[in-house]
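To start, the structure under review is shown below, and the notes come after it.
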Amino acid sequence: AEYMGSSLRKVVVDVELPKYFSFLEKLLEENSQTSKSGFFVGDHVTIADFSIYCLLRYLPTLDDIPYSITNPFPRLTALKKKISEIPEVKNWHLQQNAQKNNPK
C-alpha cells in the first residue's frame, strides 16, 4: 500500500500538478496581453490571485511535493512573489509565524 501511495504522489508531482500549473501559466500569459500587472484578471489583485497564492504557498508543505514544483512556471513564481510582498500579506505571515512560535 505504501508503494502505491508513493507511486500516486509521483504521478501528482510529475504529471498532474504540472498540467494544472501549465493551465494557470497560460491564463496569466493571456492576461498579460491586456495588462502588465502579472495578475490573473485585470490590473489589480483579486480573489483569484489570492486563491492561487495560497495553493502555491502551502502545497509544498504536503508530503513529497517539492518547493521547486513551480520553478518551470515563471509567471506563477512571479505571482507568488508579488503577492507575498504586499504589505498586508507580509504582515499576516509575520503574525502567523509569531503565533506559531509563541502559542498561548
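The values are calculated or read from the model by the stated rules, or taken from the named source; none is laboratory data. Predicted, not measured: the structure shown is a model, and the values here were computed from it. Virtual Cβ from ideal backbone geometry, glycine too; neighbours counted across all protein chains shown. Surface accessibility is based on the protein's heavy atoms, side chains included, excluding ligands, DNA and RNA. Shrake-Rupley method; radii C 1.70, N 1.55, O 1.52, S 1.80 Å.
Considering the zone a paramagnetic label at Val11 would reach in this model (a point 7 Å from Cα along the Cα-to-Cβ line), which residues of region 68-104 have amide N under 13 Å from it?
none
Looking at Pro87, Asn71, Gly42, which one has the Cα that reaches farthest to the positive end of the dipole of the chain (charges on Cβ: Lys, Arg +1; Asp, Glu -1)?
Value: Pro87.
Applying the Karplus parametrisation 6.51 cos²θ - 1.76 cosθ + 1.60 with θ = phi - 60° to the phi angles of region 7-12, what ³J(HN,Hα) value in whole Hz is obtained for each residue in order, glycine and proline being reported as x?
In residue order, the calculated couplings are 5, 5, 4, 4, 5, 4 Hz.
Roughly how much of Ile86 is accessible, in Å² to the nearest 10, using a 1.4 Å probe?
Its accessible surface works out to 40 Å², give or take rounding.
Once you place label points 7 Å from the Cα toward the Cβ at Lys90 and Thr46, how far apart are they in nm?
If labels sit at Lys90 and Thr46, their model points lie 2.6 nm apart.
Would you mind checking Lys36/Lys82; Lys19/Lys82; Lys26/Lys90; Lys36/Lys81 for any pair whose Cα atoms are more than 19 angstrom apart? Intermediate values should be presented prior to the final figure.
Numbers: Lys36/Lys82 13 Å; Lys19/Lys82 23 Å; Lys26/Lys90 27 Å; Lys36/Lys81 15 Å.
Too far apart for the 19 Å limit: Lys19/Lys82; Lys26/Lys90.
Please give the FRET efficiency for Ser22 paired with Leu62, using the beta carbon to beta carbon distance and R0 = 25 Å, rounded to the nearest 0.05. If you can, show how the numbers build up before the last one.
Numbers: r = 20 Å, r/R0 = 0.79.
Computed FRET efficiency for Ser22 and Leu62 comes out at 0.80.
Each residue of region 68-81 in turn: what ³J(HN,Hα) in whole Hz from Karplus with 6.51, -1.76, 1.60 and θ = phi - 60°, glycine and Pro shown as x?
Once θ is set to phi - 60°, the couplings for region 68-81 become 7, 4, 9, 3, x, 10, x, 5, 5, 4, 5, 4, 4, 5 Hz.
List the equivalent ellipsoid semi-axes of the chain in whole Å, largest first, each obtained as the square root of 5λ for an eigenvalue λ of the Cα gyration tensor.
On the way: eigenvalues 131, 107, 15 Å².
Three semi-axes, in Å: 26, 23, 9.
Tell me, what % of the accessible area of the chain is carbon and sulfur with a 1.4 angstrom probe? Write out the running numbers ahead of the final one.
Details: 4460 of 7420 Å².
Answer for the chain: carbon and sulfur cover 60 percent of the accessible area.
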